[in-house]
1. List every residue pair whose Cβ atoms lie under 7 Å apart, where the two residues are 6 or more positions apart in sequence or sit on different chains, the first residue falls within region B:482-502 and is more than 14 Å from chain A (Cβ to nearest Cβ), and the second residue, located anywhere, is among the small types (G, A, S) and part of a strand (DSSP E or B).
2. When you check A:A375 against the structure, is it of a type in the set (A, V, I, L, M) and touching a Leu at 6+ places or on another chain (Cβ under 6 Å), yes or no?
3. Quick one: which of A:Y427, A:Y415 is buried (at least 19 other Cβ atoms within 10 Å of the Cβ) and not hydrophobic (A, V, I, L, M, F, W, C)?
4. Does A:T140 meet the test of being of a type in the set (V, I, T) and closer than 25 Å to A:Q335 by Cβ?
5. Conditions: (1) touching a strand residue (DSSP E or B) at 6+ places or on another chain (Cβ under 9 Å); (2) more than 19 Å from A:V379 (Cα to Cα); (3) β-branched (V, I, T). A:V340 meets all but one. Number of the miss?
6. Which residues, taken from region A:72-92, are within 13 Å of A:D384 (Cα to Cα) and part of a strand (DSSP E or B)?
7. Residue check: is B:A179 over 26 Å from B:M328 (Cα atoms), touching a residue at least 60 places away in the same chain (Cβ under 8 Å) and small (G, A, S)?
8. Is there a residue in region A:360-368 that is more than 26 Å from A:A306 (Cα to Cα), in a helix (DSSP H, G or I) and not basic (K, R)?
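Derivation of every value follows stated rules applied to the coordinates shown; laboratory data play no part. The model shown is predicted, which means the values in this text are computed figures rather than measured ones. Using ideal geometry, Cβ is built from the backbone for each residue, glycine included, and neighbour counts are taken over all protein chains shown.
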Amino acid sequence: MICARTIFAAAVLALTAAAATAQPVLIRNARVHTMSAAGVIENGDVLLNDGVVVQVGVEVAPPAGATVIEAAGKVVTPGIFAAYSTLGLEELSLDGEANDASTRDNFPLSASLDATDAFNNTSSLIAINRAGGVTRALTTPEPGSKIFGGRAAVVDLSGRIASVTLAGAAQNAVLGYQGATRTGDSRLGAFAVIREYFDEAKAYAANPRDYKSRARDNDMTFADLEALIPVVEGRQPILLAADSAVDLRGIIRLKTDYNINVIVLGGTEAWRVAGELAATNIPVIMDPAANLPGSFEDLGSTLANAARLQKAGVRIAFFNPDGGTTHNLRLLTQQAGNAVAHGLPYEAALAAITINPAAIYGLSGRLGSLEPGKAGDVVIWDGDPLEVTTRAVAVFIDGRAMSMQNRQTRMRERYKNLERGDLPFAYRGQD
Amino acid sequence: MLKNLLLAAAAIALIGGCARKEKKAEATPKDEKAAAAASSATPAEPAKPASKVVRPPKDPYPSTYKPYPSTPTLITGATILTGAGERINNGSILIEGGKIRAVGAANSVTAPQGATRINAAGKWVTPGIIDIHTHLGVYPSPSTDSTSDGNEATAPVTSQVWAEHSVWPQDPGFTRALAGGITSMQVLPGSANLVGGRSVILKNVPGRTVQEMKFPGAPYGLKMACGENPKRVYGEKGGPATRMANMAGYRQAWIDAAAYKKKWEDYWKDAEKFYGEDKPADDGKKAKAKAKPKDDPKKDEKAPEAPDRNLKLETLAGALSGEITVNMHCYRADEMAFVLDMAKEFGYKVAAFHHGVEAYKIADILAQNGVCGALWADWWGFKLEAYDAVRENIALVDAQPNGCAVVHSDSAIGIQRLNQEAAKAMADGNRMGLKIPEERAIKWLTLNPAKSMRIDKDTGTLEVGKMADVVVWSANPFSVYALADKVYIDGALLYDRADPKRSPRTDFEIGQQTNGFTGGSGQ
């Protein structure tokens, strides 16, 4: 019975998603951060129709039947794009059943795991983060006992069943000390192992049938090698977690040697190799608040990292390892604000949570800025979006207005008045 | 992420409470102050004769903190949030002799000749920020096996351990917190255990020793933990494996502590009588007069024997008597309610529930019991007991009559911008119509934690006579762009954003590969 109800609810949702794109929406008289060559438009208008941005400018005429939203005094940005998360794979971090983000023990498969196999579009985190202005996210399996986590996907935060924007958006792997702990407790092991995987994947790709018939002396599964083929062929980017300048130089060599598409995750010392990273076109997904020598690979950790990288021409995006990589994607705006407080230009900080992640995953033609033809992912804020006292007041994904309600707002409504009523609290604030 | 899980696991181990002082307890802080004073003074011993009654030392590792030199300083033209609920636009504050000498409208405060004058037009001034919940020093940076000293996860009740004996004063986290305006903090043991041990309250002034950092006269706290953490740690190591066993574990500990406490009290009563010290020993005349008849105690009467000391029970007994504040890590509303009943069962007071993700569900009960909620603005979801978060938690706890909300960090990153946590909580409260002005929200970071930690006579507000623990902010501290420009502790300028020479650098970091040291939190 419960099962049947779930299926019914899902069907209703799918219908809604399919039917809801028609009506045009005009947002008027806002300060619009286009994140495109058009820059910031004061008293700007954004017209959405058929799921996409149709026009951005001033004094845009509302088409017939358009919903007009007066947004004077408000700020409009593209939806926030979380460059790294385990959204939909992790409901509760410390609960085995509610966390699919990584495998345990010596589970044999790694690179072949795929986020889309377990992505839960009904996770409560989706509506909660969406209310904070987040509209897209990379969601990724994370490494278990091996250095590879698996294939990440870009998803939207609409909650609909068809939420996957791009499957196989990236492979995810760890080097640095995280890699070392999985490879004989030495960074030497980490680099040796990743090179061996890359070499084997290339050999496998060159002639799969022959490769399968050969004697092998490693424990790599065919499935994992196959999953790495798009990586070694440069068709799929690979996230490599590392922090120290030494490890980052190793990653630059890897990229050069294998001609692969690398994204650094972490990079607390990236500013030390900023020039080389820029020259080799390696983006860095970083925590702009990291400023502690949490380990010997973080000794150069500094709040100046984001500004220094940006100045050197490195493409940066933000993630939030403190306080919940995934539960608080809604705090990416706060992180960006802090980066500004420590020297990053404002538009660069906003780019790090909008257009840059889109570009990193090859989606800048569809996402990350407000330009005609791009997805209608738009957020209206009641103030400066990077300010801690500002909140999103409306969120659109693919041109559709999203609900701003979620488990947390329901809970607040239930308990905001603690006076005893005629019925217990369990009868209040239901859906 | 693995790192995050580790952080979350560490988080599990923490938290204490905010207790209000009971009348019974009042003797203790005085004793401690006296001891602290005696210890910091030169050998001059008090004139009273040595007591023959055995009394375990209450302050065997006394504070050796001494304020650093300060110059009289007048800060003018700032927006001042006093921490006592007031806001002064275009205000001035005078610091002299390490204390706050005057606060008021700019034209009402004058400085002595030679005072340093700081034009703070456009800037904001608040009391030094106080974090009631940190593990700086006990889980320092770098995080290694060598430095992991915050959880004595070898038995569920380890009230015998004292966090100060684990604090590494070279933790670089202290320096980053200073750049975030933190002037005092409570360092707690972790939350792996039902009873984790004693906390220590520090001034955020770098020291070679922990004693040089200890807040003079501050009481100790006791760290206890509800819920999932003790279950997770001990479930397969003999228990507790369930929440009911958690409760049984605390109750047994209190029963043992009450018996121990009585044993000592009985002994003191008998011994005082025996040695003729049954009047207050510091009352010289009476003591002398009374001492006479007992100068020659009856030979056939055996001197009362002091009970054996038990460190574990000594701390718990201190909590029962009110000398030690009780800091309870607890997430769920139902568990907090049981803890409050248990406190009544054994006659002690919970100072604060720490983390309290569900505090809003019982905000009325917390307020009625005079218990603070030391809370986050929006952390949630790392485990089921942290699932029911709302962004209005702090504001809802604050909104109750007699409500006491405290913003805490439990994070070496979060402690650097507690002002932003308060800003978020204030903004969400205001959106639901609670009308919280900045001058009220600042109390969550200053007066309220100070009260809960019982250091509010000395710090926590900008009131005349208090320690000059003061932060000058570049802008409204309830903004993401605001940075602490200057941080004074006891009047000494210990952090100046504009002057890297006024930024501390720990031994651990000095001499490492040059990393473009920028000072303060930027390091």
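1. B:Y495/B:A484
2. yes
3. Exactly one of A:Y427, A:Y415 is buried (at least 19 other Cβ atoms within 10 Å of the Cβ) and not hydrophobic (A, V, I, L, M, F, W, C), namely A:Y415.
4. yes
5. Every listed condition holds for A:V340 apart from (1).
6. A:V75, A:V76, A:T77
7. The answer is yes for B:A179.
8. no
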